[in-house]
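Taking it in order: structure first as structure tokens, then the write-up.
The values are calculated or read from the model by the stated rules, or taken from the named source; none is laboratory data. Everything quoted here is computed from the prediction, not taken from an experiment. Glycine also receives a Cβ, built like all others from the backbone with ideal geometry; neighbour counts cover every protein chain displayed.
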């Protein structure tokens, strides 16, 4: 499922790994989240990563598949908290 509002909000957050203020919406690389050959995971499974960290994550240079999935899940919890806090501050 695509969610342009979430992707735009993700891009406004700093990189969840290194704090770089220029981040991208990085999708999960796990098939359990809908990732497949040429298919991105659901937009609800996105975190904010800078270009460098995004590349390292996508190429499994931060850990093997299992480690990457565990890392992503921790990041996702933090990012969802950050987005919820941002929404509360706006309204």
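With modelled with pLDDT of 90 or more, exposed (fewer than 14 other Cβ atoms within 10 Å of the Cβ) and in contact with a helix residue (DSSP H, G or I) (Cβ under 9 Å, 6 or more places away or on another chain) as the only criterion, which of 5, 12 stands out? Talk me through it step by step, then tell me what you get.
Details: 5 fails: in contact with a helix residue (DSSP H, G or I) (Cβ under 9 Å, 6 or more places away or on another chain).
Only one candidate passes the filter, namely 12.
Restricting attention to the range 66-91, report how many residues are at pLDDT below 90 and surrounded by fewer than 11 Cβ atoms within 10 Å (Cβ to Cβ).
Step one: list which residues in the range 66-91 are at pLDDT below 90, which gives 84-91.
Applying the additional criterion that residues be surrounded by fewer than 11 Cβ atoms within 10 Å (Cβ to Cβ) yields 84-85, 87-91.
Of the residues in the range 66-91, 7 are at pLDDT below 90 and surrounded by fewer than 11 Cβ atoms within 10 Å (Cβ to Cβ).
Which one is surrounded by the most Cβ atoms within 10 Å (Cβ to Cβ), of the residues in the range 42-60 that are modelled with pLDDT under 95 and in a loop (DSSP other than H, G, I, E, B)?
By that ranking, first place goes to 45.
All but one of (1) assigned to a loop (DSSP other than H, G, I, E, B); (2) in contact with a strand residue (DSSP E or B) (Cβ under 8 Å, 6 or more places away or on another chain) hold for residue 7; state the number of the condition that does not hold.
Just one mismatch for residue 7, condition (1).
Name every residue in the range 48-86 that is within 11 Å of residue 26 (Cβ to Cβ) and out of contact with any helix residue (DSSP H, G or I) (no Cβ under 8 Å at 6 or more places or on another chain), in order of residue number.
50, 51, 53, 54, 55, 56, 58, 75, 76
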